[in-house]
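K.L.:
Next up is a structure, given as structure tokens.
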């Protein structure tokens, strides 16, 4: 009998980071450490694309803030910034109310009923962010998370001719100097398919490889994607298209963010929205717990139906049929008697 590659009893809750799990941008501790005005940095970044266009350059707007950080490092304004420092600064990130404890609560929700335990349902948290992966890894929420996608820097780039070199000089002062990984709002969807197919867990699985739906580790209908607004429309759309749930959050009391989320709902981009507050009695936490339960119930129903179809009825004893005697032909009977 063919056996699927995956049991498909995993649930993936996938989170954006900035303005979803935290009120602002994660880079704030970097600016505080180096006494750089945060508003000025972002204003510079937001106007760079137009300035470069005037000079005849075509640039990707999503990569500009990473390059601008590297420019600050090279100019000495962020001297000594390296991956260790980024991870240490990540510990200073402040989260919205209810976090990170809410991540554990959702995991417990997936094991809150005997039938969920029987089918070994597990809930995983993943963070897919255009921010800095090292800062997320150093934050309070990292121990609650199974996967982190974000932008990454290289400290010691390989020099020309490195293939023929056995040893490299030891650098005592590490600094980030190149972009190693860039995640933007479009390429976030690649992370969704990595989670879907399981290539984030098994490096031998190519995310671009064709794979039957029944072999995928986390079906899209077992996913919930949570983010803060229009920039996550590509991910919202992918998750919705394939049967998952899309939920948007806004900063409580922010009319503009509320209006953005309402427009996303009216245009069919998301299923619901609520405040970025994750305490037990908030609308957001209640909605997420409810729909995690619904996903668990469907997983149980699907698996039990599948088991029932695969298991045939046991063999049974058959009753012997009693043959009725045939009626004698009168002519033959008369002939016999005459003999």
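The values are calculated or read from the model by the stated rules, or taken from the named source; none is laboratory data. In this text, all values refer to a predicted model and were calculated from it rather than measured experimentally. No Cβ is skipped: glycine too gets one built from the backbone with ideal geometry, and neighbour counts run over all protein chains shown.
K.L.:
Within the group 176, 141, which residue is modelled with pLDDT of 95 or more, buried (at least 16 other Cβ atoms within 10 Å of the Cβ) and under 17 Å from residue 81 (Cα atoms)?
P.N.:
176
K.L.:
If you don't mind, another one. If you take the residues in the range 33-64 that are in contact (Cβ under 8 Å) with a residue 24 or more places away in the chain and not in a loop (DSSP other than H, G, I, E, B), which one is farthest from residue 135 (Cα to Cα)?
P.N.:
Checking each candidate, the answer is 44.
K.L.:
What is the one condition in (1) within 30 Å of residue 302 (Cβ to Cβ); (2) part of a helix (DSSP H, G or I); (3) in contact (Cβ under 8 Å) with a residue 12 or more places away in the chain that residue 286 does not satisfy?
P.N.:
(3)
K.L.:
Hey, among 131, 150, which residue is touching a helix residue (DSSP H, G or I) at 6+ places or on another chain (Cβ under 6 Å), closer than 20 Å to residue 67 by Cα and modelled with pLDDT of 95 or more? Walk me through it before giving the result.
P.N.:
Working: 131 fails: touching a helix residue (DSSP H, G or I) at 6+ places or on another chain (Cβ under 6 Å).
Exactly one residue qualifies, and that residue is 150.
K.L.:
Please list, ordered by first then second residue, the pairs with beta carbon atoms under 6 Å, 6 or more apart or interchain, first in the range 229-240 and under 14 Å from residue 13 (Cβ atoms), second part of a helix (DSSP H, G or I) and at pLDDT 95 or above.
P.N.:
Pairs found: 235/188; 235/189.
K.L.:
Now a separate question. Take the range 169-224 and flag every residue that is part of a loop (DSSP other than H, G, I, E, B), within 30 Å of residue 74 (Cβ to Cβ) and more than 16 Å from the chain's Cα centre (by Cα).
P.N.:
169, 170, 171, 172, 173, 174, 175, 176, 177, 182
K.L.:
Further question: Based on what the data block shows, is residue 123 crowded, with 21+ Cβ neighbours inside 10 Å, touching a residue at least 24 places away in the same chain (Cβ under 8 Å) and closer than 17 Å to residue 177 by Cα?
P.N.:
In short, no.
K.L.:
For the range 104-115, how many residues meet the condition of being surrounded by fewer than 22 Cβ atoms within 10 Å (Cβ to Cβ) and either under 17 Å from the mean Cα position of the chain (by Cα) or outside any loop (DSSP other than H, G, I, E, B) (or both)?
P.N.:
Matching residues across the range 104-115 total 8.
K.L.:
Residue 98 - would you say it is surrounded by fewer than 17 Cβ atoms within 10 Å (Cβ to Cβ), part of a loop (DSSP other than H, G, I, E, B) and on the phi > 0 side of the Ramachandran plot?
P.N.:
Numbers: surrounded by fewer than 17 Cβ atoms within 10 Å (Cβ to Cβ): no; part of a loop (DSSP other than H, G, I, E, B): yes; on the phi > 0 side of the Ramachandran plot: yes.
Spelling it out, it is not the case that residue 98 is surrounded by fewer than 17 Cβ atoms within 10 Å (Cβ to Cβ), part of a loop (DSSP other than H, G, I, E, B) and on the phi > 0 side of the Ramachandran plot.
K.L.:
Among what's in the range 292-309 and is under 19 Å from the mean Cα position of the chain (by Cα) and crowded, with 17+ Cβ neighbours inside 10 Å, pick the residue that is nearest to residue 250 (Cα to Cα).
P.N.:
Going through the qualifying residues, I end up with 292.
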